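Shown next, in structure tokens, is the structure this report addresses.
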Amino acid sequence: MTAFHRTIICAELTIMTSLALVLVFCAFVSLSDSCYRDLLKPGAKYCKEGYAKSRHPIGSAWTNDRCTRCTCSSTMMECCDTMGRVIIKTEGCIVKYDYSTCTFKVFHPEDPTFGCGYGAVLK
């Protein structure tokens, strides 16, 4: 194999690796988007939130009992997760979500003073 052929193969591997990384990045971006939008029909007088099955007037904003913050405009309803989802990095640790305050705690059930590593995926 000549030096020219090795250079071509190396360049192709670099391009393939770069494309694979771009695909992985795009997957993470789409998974981390914690908002959704619903377009309203022309003339709509309210937004209807799917989770709580509740109606809200145009111009209003609310947080439902799953800690999703929604706004209702004349053209669409947008709802975003306000609490995020925890990714635990320390073995043995657990997460407890408190939906009444839209907060969470990460702790080790056998030793609550133990420091747990975690990350949170937010909007």
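The values are calculated or read from the model by the stated rules, or taken from the named source; none is laboratory data. Keep in mind that what you see is a predicted model, and the values were worked out from it rather than measured. Methodologically, a virtual Cβ is constructed for each residue, glycine included, from the backbone with ideal geometry; neighbour enumeration extends over all protein chains shown. These area figures cover heavy atoms from the full protein model, side chains too; ligands, DNA and RNA do not enter into them. Shrake-Rupley method; radii C 1.70, N 1.55, O 1.52, S 1.80 Å.
Okay, residues lined up against (1) within 19 Å of the chain's Cα centre (by Cα); (2) more than 30 Å from Pro42 (Cβ to Cβ); (3) aliphatic (A, V, I, L, M):
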residue: Thr71; (1), (2), (3): yes, no, no
residue: Met83; (1), (2), (3): yes, yes, yes
residue: Val86; (1), (2), (3): yes, yes, yes
residue: Lys89; (1), (2), (3): yes, yes, no
residue: Thr103; (1), (2), (3): yes, yes, no
residue: Pro109; (1), (2), (3): no, yes, no
residue: Phe114; (1), (2), (3): no, yes, no
residue: Ala120; (1), (2), (3): yes, yes, yes
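For the range 34-51, the tally of residues that are outside any strand (DSSP E or B) and open to solvent by less than 50 Å² (accessible area, probe 1.4 Å) stands at 4. Being within 16 Å of Cys35 (Cα to Cα) and at pLDDT below 95, is that true of even one residue in the range 85-99? Within the range 85-99, one or more residues are within 16 Å of Cys35 (Cα to Cα) and at pLDDT below 95. Listed here are the strands (runs of 3 or more DSSP E) enclosed by the range 56-123 that have at least 1 residues being hydroxyl-bearing (Ser, Thr, Tyr) and without any contact (Cβ under 8 Å) to a residue 60 or more places away in the chain: 61-63, 68-72, 94-98, 103-107, 118-121.
Taking the criterion of being modelled with pLDDT of 95 or more and either touching a helix residue (DSSP H, G or I) at 6+ places or on another chain (Cβ under 7 Å) or open to solvent by 30 Å² or more (accessible area, probe 1.4 Å) (or both), the residues of the range 56-68 that qualify are His56, Pro57, Ile58, Gly59, Ala61.
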